[in-house]
Each structure stands twice: as structure tokens, then as C-alpha cells.
Amino acid sequence: RLDALVTALSAGPALAAVAARADAYADCAAKVMRSRSLAKLLRHVLAAGNAVNAGSSKGGASAVKLASLLAAARTRGADGKTTLLDGVVGLILDRAERRSRRADAGPGEQSPRGAPAAFA
């Protein structure tokens, strides 16, 4: 009986710690689900995967599995260093930079490459 009482009394703080961790995990999961950047990355990874797998049974995928995301991180380019995931992230960043340059250049102004800002 004494052991049961000690266990019951010590369970409260342990349960509170577990509840706090569960709340932290739930908060992190909610932030991941609301992340626009992650959604954009996954859309581009899906498009890249569909392009790579075009003509096969895997070519028309509508979602990305975690295993596929890990495969994109392991798939290396011709240089042996750059991964498919590196390439996708690089494309996203390049597009964002070009948009930023166009936004900085007003209508009719020239972009750094000499083309009108609307076409840079």
C-alpha cells in the first residue's frame, strides 16, 4: 500500500512534464503545417520528382512521401556533390532573388542584366 501511495504521489509531476512535452510537440506540428516555405519546397520537390520520373508509374505523383524527400536529399547530380534537394532550394532562392530585384526596379527601369525589369 505504501508503494502504491508513493507511486500515485510522484505520478503528478511526471504527467505534468509529459503534458508539457506533448503541448510543445503539438505547437511545433502546427507551425510546420502552417509553413508557407515548407509547402513551397514540397511543391517544387514534387514537380522535380514528377519530371525525373516522367513516363514511369511514379511520374504522376500528387504527394511527397517522407522517403521520397529523403531520396531527393541523397540523389546527387553530375558533380557528385549537389543533391536534387539542393537544386530545388537553389531554384526557389534564385526565383525569390529575381522577384526582389524586379520589385526594387520600378516600371521602365533596367535590371542588373540590362533587360527591362519586367523581363529579368
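FYI, it's all coordinate maths here, none of it is from the lab. Note that the coordinates shown come from a computational prediction; the quantities given were computed from them, not determined experimentally. Glycine gets a Cβ as well: all are built from the backbone with ideal geometry, and neighbour counts include every protein chain shown.
For the pair S57 and D27, label points projected 7 Å from Cα toward Cβ lie 4.5 nm apart.
A quarter of the convex hull surface defined by the alpha-carbon atoms of the chain gives 14.4 nm² as the mean projection. Can you find, among H44, G59, L2, the residue farthest towards the positive end of the dipole of the chain? Put +1 on the C-beta of Lys and Arg, -1 on that of Asp and Glu. Farthest towards the positive end: G59. The listed peptides 42-49, 16-23, ordered by packing as a protection proxy, come out as 42-49, 16-23 (highest mean of other Cβ atoms within 10 Å first). Can you give the percent of C-alpha pairs in the stretch 56-97 whose distance is more than 13 Å? Counting pairs separated by more than 13 Å, the tail of P(r) holds 63 percent. Give me the lysines in straight-line cross-link reach of K31: C-alpha distance below 29 Å, same-chain residues under 8 apart excluded. Cα-Cα hits under 29 Å: K40, K65. In units of the rule-of-thumb radius 2.2 N^0.38 Å, the stretch 1-63 shows an alpha carbon radius of gyration of 2.15. Placing +1 on the Cβ of every Lys and Arg and -1 on the Cβ of every Asp and Glu, with nothing else charged, gives the chain a dipole about its Cα centre of roughly 300 debye.
In this simple spin-label model, placing a label point 7 Å from the Cα along the Cα-to-Cβ direction at both A19 and A4 gives a separation of 2.4 nm. Expressed as a fraction of 2.2 N^0.38 Å, the value expected for a compact globular protein of N residues, the C-alpha radius of gyration of the stretch 31-78 is 1.20.
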